[in-house]
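Q: This is the structure I want to talk about, given as structure tokens.
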Amino acid sequence: QVRLVESGGGLAQAGGALRLSCASSGNIEEIREMGWYRQAPGKQRELVASIPDYGRTKYLDSVKGRFTISRDRTKNAVFLEMNSLKPDDTAVYLCHAASEWSDYWGQGTQVTVSS
């Protein structure tokens, strides 16, 4: 089992910035990829960014150039630097970790961007 705990959400003005962090514990050696999803009210959950052990990072088209994902592999922590925030970025952001056979989710952290 892997446990994920997010931090860093909150309220920001349009054009502002926030940094999300996700700490993992448990069987972190089985993690092969980490990332961030988001879910806004009435909308489907969507992948914001992901970073695998090997390979390229992925970004949602609407956040490219504004968000940056990074990972501390020694601690299996993952971060999301969010700049030039827009009201459309308002959502609950969930940390995700994947192993070869399981998916793990954090509880989520609320990000609210005011116009």
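Since every read-out is calculated from the coordinates, none of them should be taken as a lab result. Just so it is clear, the model here is predicted, and its values are computed rather than measured. Heads up, the Cβs are rebuilt from the backbone with ideal geometry, glycines too, and the neighbour counts pull from every protein chain shown.
Q: Using +1 at the Cβ of each Lys and Arg and -1 at the Cβ of each Asp and Glu in the range 1-103, identify which of GLN39, VAL78, THR68 lies farthest towards the dipole's positive end.
A: It is THR68, whose Cα lies furthest towards the positive end.
Q: Taking 8 Å as the Cα distance limit and 6 or more residues as the minimum spacing, I'd like the relative contact order of the chain as a percentage.
A: Here the relative contact order equals 37 percent.
Q: Next up: Using the Cα centre of the chain as origin and beta-carbon charges of +1 (Lys, Arg) and -1 (Asp, Glu), tell me which of THR90, TRP101, VAL48 is placed farthest towards the positive end of the dipole.
A: THR90
Q: Averaging sequence separations of C-alpha pairs under 8 Å and six or more residues apart, then dividing by the length of the range 67-115, give the relative contact order as a whole percent.
A: Over the range 67-115, the number comes to 32 percent.
Q: Rounded to the nearest 20 Debye, what is the dipole magnitude of the chain about its Cα centre when Lys and Arg each give +1 and Asp and Glu each give -1 at the C-beta?
A: 260 debye
Q: Tell me, what HN-Hα J-couplings in whole Hz come from the Karplus equation 6.51 cos²θ - 1.76 cosθ + 1.60 at θ = phi - 60° for each residue of the range 57-71, using x for Gly and Pro?
A: Listing the rounded values in order: 6, 10, 9, 5, 3, 6, 10, 4, x, 10, 10, 9, 9, 9, 9 Hz.
Q: Here is a follow-up. With an 8 Å Cα cut-off and a minimum separation of 6 or more residues, compute the relative contact order for the range 31-98 in percent.
A: Computed value for the range 31-98: 40 percent relative contact order.
Q: For THR90, list long-range residues whose amide hydrogen, built 1.01 Å from N in the peptide plane, is under 5 Å from its own amide hydrogen.
A: Answer set, sorted by chain and number: VAL113.
Q: Of the peptides 29-39, 105-115, how do they stack up when ordered by the mean number of other Cβ atoms within 10 Å, highest first?
A: The packing order, highest mean first, is 29-39, 105-115.
Q: Find the all-direction average of the projected area of the Cα convex hull for the range 57-115, expressing the result in square nanometres with one decimal place.
A: For the range 57-115, averaging the hull's shadow over all directions gives 4.9 nm².
Q: Which cross-chain or sequence-distant (5 or more) residues have an amide H under 5 Å from the amide H of GLY108, H modelled 1.01 Å from N in plane?
A: GLU6, CYS95
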